[in-house]
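Note sheet for the following structure.
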Amino acid sequence: MKQIRFGIKKENPLKLRRVRNILKKLIPISIILGLLLALAIFLTTLSGSSVVNFIITGTSLNSDDGRVNVLLLGMAGGSYDGATLTDTILVASYNLKTHKLHIISIPRDLWLPSLRSKANAVYQLGLTQKNGLNFAKTVMGNVLGLPIHYGLRVDFNGFMEIVDVLGGIGVEVERTFDDYLYPIKGRENDLCGYIEEEREFSEEEAKQLNIEPGQRKVFISPEGNIATDSAEENKGAKYFTCRYEQIHFAKGPNHMDGEIALKYVRSRHGTYEEGSDFARSARQEKVIQAIRKKILSLETLTDPQKVKELMKTLGRSIDTDISIYSVAEFYKLSNDLEKTYSIVLDNSKKEGLPGSRKSLLIQPPLADYGDSYVLISQDDDFSIIHGYIKMILEEDEKNYESSSSARTR
């Protein structure tokens, strides 16, 4: 009995010492890795750039008016169709005084008059000038009326590899849903048996088909029917069914590999209210948190080979101007974060808008934009959006000051 107790006392300190030595080497790297993979959203506790701000807050990160704003982009990557289009566009705005974070979701279909393109093409346009991230920061900052201090772009192809390297992740699915229109990789342009032809249509024929008369390109079904509205995303899906698959997620705990996790965060046509940008953002948040939790687990931290693989994949998958030192600063202040709010720019009803306006964005007739679905601001300079964002952020400041005054009375 004594030998057993002695053996335990003698062996445990050695084991603990070995574990501590491993953790000392791996924790800094893993923390940086975890923070970057979490898109710096939920640990984005940042601060000012001046010497005075550094003394007051203990950090040297950039800020304006007591806020630090980070642009977060997600793109397909790899061999996906539109690999460099950023279908996830978020701005995380952290208030240094209130320690609250507002995550602003910008729709990928937002029309930018000055560029004559959608918001999801901005990073791609910047890449042609070898300046994708900075260009996107400038443009999205102009849309919101906020200076963007840092940027981070992650591609989903690398995201999938990272989840697989981790051995999968556990995600709590809030509600059961199906998506019958999930795009199949490599079949984005499959005509599914249809034939594209150019035909001349008389006024009478055009009227019957509800199209403009004259020479037009149309799709002809195997039965010989003309699919005149096939260019519209929601209607085109009924013609080109071979481009899509059905995916299903059941409520409750789910273990997801990279492919399943990717489908979970990219799904855009889910049933039971899972088809909105807001629901999609919430799913992305769940997966990001699950990845971060798995990376910072003892299982990962004590596996040098796994950390090495993650670092290699990370290097291929991320474009950022956040330095290692800055990430360390984010981490140092992360415990100050008190609450996170979501702001979604869309065409839903909003309160407090000027004049008789009821929404920030509106959907114009498809014909006005080449039969493409877009959302437009009701003014070309985005001043309505600027005012709305300013109102919400200032309200946060006022509530904080009111509660502070009440506590000091």
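Every number here is computed from the coordinates shown, using simple stated rules; none is lab data. Predicted model, so just to flag it, every value in this text is computed and none were measured. When we count neighbours, we look across all protein chains shown, and the Cβ atoms used for this are built from the backbone with ideal geometry, even at glycine.
Here is how the numbers come out for the structure above:
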{"read-out": "Environment charge of residue 297, counting only residues whose C-beta is closer than 14 Å and scoring Lys/Arg +1, Asp/Glu -1", "value": "+2"}
{"read-out": "Extension gain (nm, one decimal) between residue 215 and residue 115, 0.36 nm per residue minus Cα-Cα", "value": "33.1 nm"}
{"read-out": "Distance between modelled label sites at residue 206 and residue 319, nm, 7 Å Cα→Cβ extension", "value": "4.2"}
{"read-out": "Gyration tensor (alpha-carbon) shape descriptor, the stretch 65-176, a/c threshold 1.5", "value": "oblate"}
{"read-out": "Residue 344/residue 129 FRET efficiency (R0 41 Å; Cβ-Cβ; nearest 0.05)", "value": "0.85"}
{"read-out": "Point-to-point label distance, residue 197-residue 282, nm (Cα→Cβ direction, 7 Å offset)", "value": "4.8"}
{"read-out": "Prolate/oblate/rounded label for the stretch 99-150 (Cα gyration tensor, a/c 1.5)", "value": "oblate"}
